[in-house]
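Contents: one structure, followed by commentary.
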Amino acid sequence: MELRHLRYFVQVAEDLHFARAAARLGISQPPLSQQIRALEDELGVRLLDRTSRRVALTEAGTIFLDAARRTLAEADKAVSVARRAARGELGELRVGFNASAPFIPRVAAAIHAFRRRYPDVRLALTEVAGPAQVEQIAADALDLGFLRSAGCPALPSALAATRLLTERLVLATRPDHPLAGRAGLRLRDVAGFPLVVYASDRSGGFTEELFALMRAGGAEPRVAQTVREVSTLLGLVAAGVGITVVAASLCALQSAGLAYTALVDAEASSAMWLVHPLAPSRACANFLDIVAAEEEEPTASARADAASAN
């Protein structure tokens with residue numbers, strides 16, 4: 001039995017007229033009659049009573065009609081599901097991100113736009129440190145990831161990285177700290193002050209890059225506390241445990257206990273990268289299209305400058 005046999009039968013059952021049903025189906029009447037007869041022979045059941053004057057459903061035909069309609073509806077649904085899945089409109093998109101990614105307007109706008117445009121795709125968001133993101137994308141445990149790195153991250157040959165923006169680094173302190181609000185602040189000015197920093201396994205390389213920048217600028221890092229969460233990082237700064245250096249996007253986290261001051265060193269910058277397979281899934285490709293359509297957010301450094309001025 002083929003689906004076309006069910007479609008032919010349903011049309012005849014609805015019209016109760018072979019000529020009209022044949023016209024609606026776009027075939028001639030004799031082949032339609034043959035197909036209905038073949039269906040009845042296969043089932044071993046008479047579905048239609050035919051006379052020269054009328055066509056009527058038998059009792060078995062009436063019951064079979066409901067089942068045939070349900071079968072066709074499920075078949076149509078299956079076709080729709082397959083086509084939507086092929087277009088990336090169903091399924092799951094697994095996204096890795098670092099702690100500051102959600103505070104970057106371009107990233108947040110892309111996630112919001114994707115959820116609105118593809119509401120039936122489950123968006124699985126997971127906070128993952130940078131190198132681990134690369135490993136998981138390469139292993140197909142993640143579809144793409146947002147990670148922070150001063151330069152393009154080292155990637156396997158099957159992956160690619162797109163730089164979303166470069167932003168200034170800023171110093172976060174208590175408002176009453178001696179460095180708060182100082183014009184022309186440089187990394188070397190941080191020397192001697194206790195630092196609160198991300199633990200190495202949570203920083204995605206950011207802490208190591210920061211220490212290298214500080215040493216290149218003549219400041220040996222003096223670590224007072226390592227943390228695993230951005231809320232703890234800034235909370236301990238507000239509590240006076242130490243100071244920290246963060247990307248300008250985190251200036252969005254405002255508090256009466258915090259002051260942000262821009263660093264003027266030419267090297268005091270960080271970039272956000274979007275890492276993905278060279279041959280992405282359809283859902284991943286749809287997300288990449290949305291990100292590409294978003295203009296690069298130009299105000300990260302401006303936010304840092306404004307925070308410094310305030």
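The values are calculated or read from the model by the stated rules, or taken from the named source; none is laboratory data. Everything numeric here is computed off the predicted structure, so don't read it as measured data. Methodologically, a virtual Cβ is constructed for each residue, glycine included, from the backbone with ideal geometry; neighbour enumeration extends over all protein chains shown. Only protein heavy atoms, including side chains, enter the accessible area calculation; ligands, DNA and RNA are left aside. Shrake-Rupley method; radii C 1.70, N 1.55, O 1.52, S 1.80 Å.
Within the range 101-137, the set of residues being in contact (Cβ under 8 Å) with a residue 60 or more places away in the chain, open to solvent by 30 Å² or more (accessible area, probe 1.4 Å) and farther than 23 Å from THR166 by Cα comprises ARG117, TYR118. Kindly indicate whether any position in the range 291-308 is open to solvent by 30 Å² or more (accessible area, probe 1.4 Å), modelled with pLDDT under 65 and of a type in the set (A, V, I, L, M, F, W, C). Yes, there is a match, as at least one residue in the range 291-308 is open to solvent by 30 Å² or more (accessible area, probe 1.4 Å), modelled with pLDDT under 65 and of a type in the set (A, V, I, L, M, F, W, C). Residue-level analysis places SER270 among those that are crowded, with 22+ Cβ neighbours inside 10 Å and over 18 Å from PHE114 (Cα atoms).
Counting only strands (runs of 3 or more DSSP E) wholly contained in the range 191-263, the ones carrying 2 or more residues that are surrounded by fewer than 17 Cβ atoms within 10 Å (Cβ to Cβ) occupy 223-227.
Test ARG94 against the stated conditions and say whether it is of a type outside the set (Phe, Trp, Tyr), under 21 Å from ALA292 (Cβ atoms), open to solvent by 50 Å² or more (accessible area, probe 1.4 Å) and in contact (Cβ under 8 Å) with a residue 40 or more places away in the chain. Yes; evaluated as a whole, the condition is true for this residue.
A search for C-beta distances below 7 Å between a residue of the range 227-239 that is closer than 17 Å to SER200 by Cα and any residue that is among the charged types (D, E, K, R) and in a helix (DSSP H, G or I), counting only pairs 6+ apart in sequence or on different chains, returns ARG228/ARG202. Within the bounds of the range 139-156, is there any residue that is closer than 30 Å to ALA256 by Cβ and in contact (Cβ under 8 Å) with a residue 12 or more places away in the chain? Yes; the residues of the range 139-156 include at least one that is closer than 30 Å to ALA256 by Cβ and in contact (Cβ under 8 Å) with a residue 12 or more places away in the chain. For THR58, the stated conditions do not hold, so it cannot be described as out of contact with any Ser or Thr (no Cβ under 7 Å at 6 or more places or on another chain), open to solvent by 60 Å² or more (accessible area, probe 1.4 Å) and either at pLDDT below 95 or within 21 Å of SER270 (Cα to Cα) (or both).
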